[in-house]
Protein chains: 2
Amino acid sequence: MQQSPVPPEPPIYRRIADGLREAILSGELRDGDRLPGENALMAQYGIARATARQALSVLINEGLAVPKRGSGVYVRQFRPIRRHGSRRLSREQWGRGQAIWESDTRGRPYTVDDVTIDREIAEDAVARVLNSREVWVRRRRYSVDGRPVQLSVSHFPAALVENTAITRHDTGPGGVYARLGDLGHTPVHFSEEVRARMPHPHETVQLDLPAGTPVIVIGRVAYTEGGVPVEVNEMILDAASYVLQYDFDS
Amino acid sequence: MQQSPVPPEPPIYRRIADGLREAILSGELRDGDRLPGENALMAQYGIARATARQALSVLINEGLAVPKRGSGVYVRQFRPIRRHGSRRLSREQWGRGQAIWESDTRGRPYTVDDVTIDREIAEDAVARVLNSREVWVRRRRYSVDGRPVQLSVSHFPAALVENTAITRHDTGPGGVYARLGDLGHTPVHFSEEVRARMPHPHETVQLDLPAGTPVIVIGRVAYTEGGVPVEVNEMILDAASYVLQYDFDS
DNA sequence: AAGTGGTCTAGACCACACG
DNA sequence: GTGTGGTCTAGACCACTTC
């Protein structure tokens, strides 16, 4: 007779984490509420400091809680920005149905800082797509409500944009896409590749990410009507701050 | 005179993690290689066990390394599947440019297990989109190469699909979309909302996710030509196994 | 000043993997 | 059997936040 396998008891730190997670997901603990601290958990469960910390670290690494030094551990809030892929299709009737996830639809103003513009030798993947190793690179950081939410690195074939406003800080009215249009290379087709992963250290710093926050990586290629690739843009988004929306037919 | 701020030394565990990360990202340690273990780090740096563990946990939570019980900690591998949003546009000329990220383009066979079909009362968000609280729900899990990569939960308005093959395991040739077509409700418009976050515990179990792996959450609504929503599908993807591709005009 | 999280030490016992 | 990671204890000092 086969012995029925006994489900092993989860370790203490996990049971504590499960209880706290339940309280968060059920709404018993709300956005911004303070969780029981290390000392409280030690007393309540009769455990060592390291064990209490381990329990809290589970929730922190899950992105459900954020530690504040000298203060406590708090329930994290989620108020994403909606980013539309195809504006054209999103405007159509059928695309105006109810969204699944609530999000901030009012166009909150974003600010741009840390703009840098350089002529560089592109890495292999970018060079292959643009058919050019020589590129102009525009790096920007976007913030909403004073909090950084996105890093963006745009690559343009150097031969195409040399001596245009695209190589300068002030790109003029309409921005870089308008300038590409002036050159007869209006981007009309876009291909976006979307990934998600944990952030690299420099991304954690630049986006001021708490532990347990993934980033969404969007690699976007813009093509002209003739199918010529004119821009490769890699965007790094704070995953907790964004919902991407893509609308399409067929 | 303003004192120039002295950059504080990072803690030991962080410096060790930085060194190991460097070795991984530079390619010095390759996919599947074994990292120095806890004992090795203790000896090499003259630190306590907990500190060595803390260093390794950084890389594990970043998704760069995977611990194997009783064996060691290993460099993680990344070989994503490419998932296309709009098949139609992806086939067009301009969309056939080089991809930024390498991925497995050969259509690897996937298997479906854990299929369940139930009549349920939908949660608010789904009911609002479908204009129906009564829904049929199809849950599936997809695996590639024997490893689970995606969970999928499809909702259909009960009144629409009652007494059709959509409420049965065998949906017949063409699957549920063909059956919706039989009813005169062929889905032709799609709206997808994409998020990324750390997995919930049950997702970690069902997708067998190592620590440090985010999930991509896709909420997809299918509409008929007349703009009637006929399906809400929530997909949970192992973020390390997927690259999403979206192609669009304008 | 008191409380909080951040780092670190020096032990311990366990289950599991590998040779 | 030996080494590995997984869990846990009982202390310590520090920097920071809050009162």
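Worth a mention:
- Rounded to the nearest 20 debye, the dipole magnitude of the protein assembly as shown is 680 debye, with +1 charges on Lys and Arg beta carbons, -1 on Asp and Glu beta carbons, and the Cα centre as origin.
- Longest DSSP-loop-exposure-free segment, trypsin sites (Lys or Arg not before Pro), chain A, at most 16 other Cβ within 10 Å: A:169-250
- Heavy-atom accessible surface that A and B bury in contact, both chains counted, 1.4 Å, Å² to 100: 5100 Å²
- Extent of the range B:12-75 along its three principal axes (Cα atoms, max minus min coordinate, largest first): 28, 25, 19 Å.
- What separates the A:Ala159 label point from its copies, with the point 7 Å along Cα to Cβ, is 6.2 nm, written shortest first.
- Residues whose placed amide H lies under 5 Å from that of B:Arg76, excluding near-sequence neighbours: B:Gly32, B:Ala65, B:Val66
- Restricting the range B:116-196 to GluC sites (Glu not before Pro) in coil, as DSSP defines it, with at most 12 other Cβ within 10 Å: B:Glu123
- Taken about its Cα centre, the range A:12-75 carries a charge dipole of roughly 260 debye when the Cβ of each Lys and Arg holds +1 and the Cβ of each Asp and Glu holds -1.
- When A:Tyr110 is represented by a point 7 angstrom out along its Cα-to-C-beta vector, the spacings to that point in the other copies are 3.0 nm, nearest first.
- A point 7 Å from Cα along Cα→Cβ stands in for B:Gly184, and the other copies hold the same point at 5.3 nm, listed in rising order.
- Two-decimal log10 I(q)/I(0) for the protein assembly as shown, as the Debye equation yields it once each C-alpha is a single scatterer, q = 0.08, 0.09, 0.11 Å⁻¹: -0.58, -0.74, -1.10
- Among A:Ala43, B:Gly181, B:Tyr110 - extreme Cα towards positive end, dipole of the protein assembly as shown, charges at beta-carbon: A:Ala43
- Heavy-atom accessible area, 1.4 Å probe, ligands and nucleic acids excluded: residues of the range B:184-203 down by at least 50 Å² from chain alone: B:His189, B:Phe190, B:Glu193, B:Val194, B:Arg195, B:Ala196, B:Met198, B:Pro201
- Whole-percent carbon and sulfur share, accessible surface of chain A, 1.4 Å: 49 percent
- Relative contact order of the range B:114-250, defined on C-alpha pairs under 8 angstrom at six or more residues apart (%): 22 percent
- Signed unit charges on C-beta, dipole axis of chain A, positive-most listed residue A:Pro10, A:Gly27, A:Tyr246: A:Gly27
- Relative pair counts by distance (%), Cα atoms of the range A:180-232, 10 Å bins: 23, 32, 22, 20, 2
- In the context of the full set of protein chains, residues of chain A present 51 Å² of accessible surface per residue (probe radius 1.4 Å, heavy atoms only).
- Unit charges on C-beta of K, R, D, E only; dipole of chain A, Debye: 560 debye
- Using only alpha-carbon positions in the range A:81-245, the gyration tensor eigenvalues give semi-axes of 26, 21, 15 Å once each is multiplied by 5 and square-rooted (largest first).
- Antiparallel %, DSSP beta bridges [both residues in chain B], to 5: 90 percent
The values are calculated or read from the model by the stated rules, or taken from the named source; none is laboratory data. Everything numeric here is computed off the predicted structure, so don't read it as measured data. A quick note on method: Cβ atoms are made from the backbone with ideal geometry, for glycine too, and the neighbour counts reach across all protein chains shown. These accessible areas exclude ligands, DNA and RNA; they are computed on the full protein's heavy atoms, side chains included. Shrake-Rupley method; radii C 1.70, N 1.55, O 1.52, S 1.80 Å.
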